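So the structure is just underneath, and the comments pick up after that.
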Amino acid sequence: MAVDRAATRRKDPQWVRELLEAPSSRVVAVSRDGVLLDDGAEPALARRPLALVGGSEQLTREPILLGLEDGSAMFALDLEELDGSLTTVSLREAGSLLPAGDGGLAAYAVALLGWHRRHRFCANCGAPTDVSEAGFSRHCPNCGATHFPRLDPVVIMLVEHDGRLLLGRHTNWPPRRYSALAGFVAPGESVEEAVVREVHEESGIRAFGPQFVASQPWPFPSSLMLGFHAYADGGEPFTRDGELEDVRWFEQDAVRAALTADAGGPGTGRLLLPPPIAIARFLIDRWLTRS
Ligand SMILES: [Zn+2]
């Protein structure tokens, strides 16, 4: 994402007020789980001059500054507060349509506005809070507490044994879809411990040697996906905690065949991989490339 979050300058209210009046300032419009796209030939996140979208009153009251893009300010506007009939595209859909930079910006805007929407009251004393730092925090005028956006860390991991991958499926997924096991990090736990615990809870398999590979913000509503690769000594997996419908080992050939089937439209094989937008898919593609 090529946006400068202006973490220091945003603390100056006068600077933020000037940005709100600058003709070059633009807004990205966001709903509960959607963003506004432009109708052009190439899919792009809509960046509209403030006056054209409306909502200047909302922004003056609660300015959510995403940052600076090519030197111009970009604000986020919460469509939930407007009466208009602007149609948004779901964030999941936008993520697969948009180039990576715009997808990142969309995820950022949805995550930040979603947090503001759900945290209007002080968790300490219950009083209504105000936007501070142009959207990077909320301040309670009653007890003085400052609240920052929360992130929920989730570990997601490929477990490998003897050239096979351990994948599982949830009941509500499309038929034949399998993906990496995943789960929330618990309080007091390292992410490596979370990998080992989650794998055991979901499959009965003892994983070891988790290595961090890559991360991805996943604002549904506020997760940060931490992608790992781990190993196991084998064993027969089984579903244990009711979260998964099935969990099993897949031979590398089957995973590779699923990749080919994906490229040529809906595959007819036994396995359907997660979509390219998902970090699980990135982990699987990387494993296939290296194997
Ligand atoms: Zn308070």
Globularity index of the range 199-248, i.e. its alpha-carbon radius of gyration over 2.2 N^0.38 Å: 1.34
Global size of the range 173-212 as Cα Rg and Dmax, reported in angstrom: 11.6, 36
DSSP bridge orientation in the chain - percent antiparallel, rounded to nearest 5: 75
nm² value of the averaged projected area, convex hull over the Cα atoms of the range 133-185: 7.2
Debye log10 I(q)/I(0) at q = 0.19 Å⁻¹ for the range 177-291, Cα point scatterers: -1.18
Chain lengthening between Arg32 and His139 when straightened (0.36 nm per residue, less Cα-Cα): 36.3 nm
Unit Cα scatterers, Debye sum, the chain: log10 I(q)/I(0) for q = 0.11, 0.14, 0.15 Å⁻¹: -0.76, -1.05, -1.12
Solvent-accessible area per residue for the range 1-71 (1.4 angstrom probe, square angstrom): 56
The range 32-156 - convex hull of alpha carbons, volume per residue in Å³: 132
Pair Ala123, Phe238: separation of 7 Å Cα→Cβ label points (nm): 3.9
Using a Förster distance of 25 Å, the FRET efficiency for Glu42-Glu18 (Cβ separation, nearest 0.05): 0.20
Most mobile listed residue (Glu236, Glu251, Glu202) in the chain, GNM with C-alpha springs under 10 Å: Glu236
Largest-first ordering by accessible area, 1.4 Å probe, given options Arg117, Arg197: Arg197, Arg117
Helix axis angle, 191-203 relative to the chain longest principal axis, alpha carbon, degrees: 50
Where Tyr178, Tyr231 fall by accessible area, highest first, once all protein chains stay in place (1.4 Å): Tyr231, Tyr178
√(5λ) per eigenvalue of the Cα gyration tensor, the range 3-57, largest first, Å: 24, 14, 11
For the chain, built as a Gaussian network whose Cα springs stay under 10 Å, the top-fluctuating residue of Pro217, Pro274, Pro13: Pro13
Simple label model, 7 Å out from Cα along Cβ direction - Ala51 to Arg197, nm: 5.5
The range 121-255 - Rg (one decimal) and Dmax (whole number), Cα, Å: 19.1, 61
Val213 long-range amide H proximity, modeled H, under 5 Å: Gly227, Phe228, His229
Residues of the range 6-24 with amide N under 19 Å of a point placed 7 Å along Cα→Cβ from Thr60: 13-24
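The values are calculated or read from the model by the stated rules, or taken from the named source; none is laboratory data. Model, not experiment: these values are computed from the prediction. No Cβ is skipped: glycine too gets one built from the backbone with ideal geometry, and neighbour counts run over all protein chains shown. Quick note on the areas: whole protein, heavy atoms, side chains included, nothing else; ligands and nucleic acids left out. Shrake-Rupley method; radii C 1.70, N 1.55, O 1.52, S 1.80 Å.
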